[in-house]
1. Please tell me if GLY183 is in a loop (DSSP other than H, G, I, E, B), surrounded by 22 or more Cβ atoms within 10 Å (Cβ to Cβ) and of a type outside the set (A, V, I, L, M).
2. Under 23 Å from LYS161 (Cβ atoms), modelled with pLDDT of 95 or more and not hydroxyl-bearing (Ser, Thr, Tyr): is that true of PRO11 in this structure?
3. Quick check on ALA117: is it buried (at least 23 other Cβ atoms within 10 Å of the Cβ), within 25 Å of PRO66 (Cα to Cα) and touching a strand residue (DSSP E or B) at 6+ places or on another chain (Cβ under 7 Å)?
4. Here are ALA100, ALA120: which of them is part of a loop (DSSP other than H, G, I, E, B) and modelled with pLDDT of 95 or more?
5. With the structure loaded, tell me whether PRO15 is farther than 24 Å from GLU98 by Cβ, surrounded by 20 or more Cβ atoms within 10 Å (Cβ to Cβ) and either without any contact (Cβ under 8 Å) to a residue 12 or more places away in the chain or not small (Gly, Ala, Ser) (or both) or whether it fails that test.
6. I need the full set of residues from segment 194-211 which are surrounded by fewer than 20 Cβ atoms within 10 Å (Cβ to Cβ) and touching a His at 6+ places or on another chain (Cβ under 7 Å), in order please.
7. Cβ-Cβ distance below 8 Å, separation of 6 or more or different chains: which pairs start in segment 73-86 with a residue that is among the small types (Gly, Ala, Ser) and end on one that is surrounded by fewer than 17 Cβ atoms within 10 Å (Cβ to Cβ) and in a loop (DSSP other than H, G, I, E, B)?
8. From (1) touching a Pro at 6+ places or on another chain (Cβ under 7 Å); (2) within 24 Å of LEU9 (Cα to Cα), pick out the condition that doesn't hold for THR106.
Amino acid sequence: MSSPSSTSLVPRISPSILASDFAHLADELGRIETADWAHVDVMDNHFVPNLTLGLPVVEALAAVSPVPLDCHLMIEDPDRWAADYAEAGAGSVTFHVEAAADPVATARSIRAAGARAAVAIKPDTAFAPYEELLGEVDMVLVMTVEPGFGGQSFMADQLAKVRAVREAVRRRGSEIWVQVDGGVSAETIGRCAEAGADVFVAGSAVYGADDVPAAIADLRDRARSHLCG
C-alpha cells in the first residue's frame with residue numbers, strides 16, 4: 001500500500017475567522033490575504049451548542065474577502081440551506097453527514113450553485129458508511145475536535161480516519177481534497193499532512209500570531225515538507 005504522502009498534494013491553509021476579531025471582520029480577512037481560503041464557521045445553536053453568523057454576513061464577507069470563503073455549516077437541515085451559501089458567494093460549502101437527510105442531493109445543489117461541495121465527519125462518526133459520497137464531493141473534512149467551539153485540543157486518534165479517507169480517495173484516482181479542522185498548529189500540522197490531509201484549518205495558530213503572514217507561511221511549509229515525505 002502506498003503512503004498517504006504524495007508530491008501531487010498541495011498544502012492549502014484555511015485560517016478560521018472564528019479566532020478573529022468579529023468587530024473588524026473585513027480587516028481580519030485582509031490579514032490573511034496570503035492564505036488559500038478563509039474558513040467561515042456557521043453555527044445555529046442546534047446542531048452544535050454555539051451560535052455564530054449566517055447568510056447575510058457570509059454575503060458581506062464574500063464581497064470583501066481577498067481569498068475565497070470556505071463555509072463550514074454546523075447547522076440542522078443543511079439540505080435546505082447549503083446551496084444558499086454558495087449563491088451568497090462561498091467558494092466551498094461543507095455540510096455534516098450527520099445532519100443531512102439527502103447528502104447526494106445537497107452536494108449536487110452546492111455544485112449547481114457554483115461552489116465546491118464538501119462533507120464533514122464528526123469525531124464519533126465512521127467514514128466507511130459514507131465512502132460512496134466521494135463521487136459527489138470535492139472535499140472531505142475530518143473533524144479533529146468536537147465541532148462547536150474554537151481553541152480545543154487536537155484529537156490525534158482522528159488521524160486514522162484521515163488516512164482512511166486519503167486511501168479511499170487514492171483508490172478512486174480522484175482529486176478530492178482532505179481537510180482537517182481543530183487544534184491544527186505548528187506542532188500538529190505535520191502529523192496531519194503525513195496522514196494525508198492537504199487542507200488545514202487553523203484558528204488561533206494564525207490569528208494568535210504576532211506576524212500572521214509568517215504564521216501562514218510556516219504552516220504551509222511544515223505541511224509541504226511532510227506531504228513530500
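1. Yes: the conditions hold for GLY183.
2. It is true that PRO11 is under 23 Å from LYS161 (Cβ atoms), modelled with pLDDT of 95 or more and not hydroxyl-bearing (Ser, Thr, Tyr).
3. Working: buried (at least 23 other Cβ atoms within 10 Å of the Cβ): yes; within 25 Å of PRO66 (Cα to Cα): yes; touching a strand residue (DSSP E or B) at 6+ places or on another chain (Cβ under 7 Å): yes.
Judged against the criteria, ALA117 is a match.
4. ALA100
5. Yes.
6. GLU194
7. Cβ pairs passing all conditions: ALA86/GLY114.
8. Result: THR106 passes all but (2).
The values are calculated or read from the model by the stated rules, or taken from the named source; none is laboratory data. The shown structure was predicted, so the numbers you read here are calculated from the model rather than taken from an experiment. Counting neighbours? That spans all protein chains shown, and the Cβs are built from the backbone with ideal geometry, glycine included.
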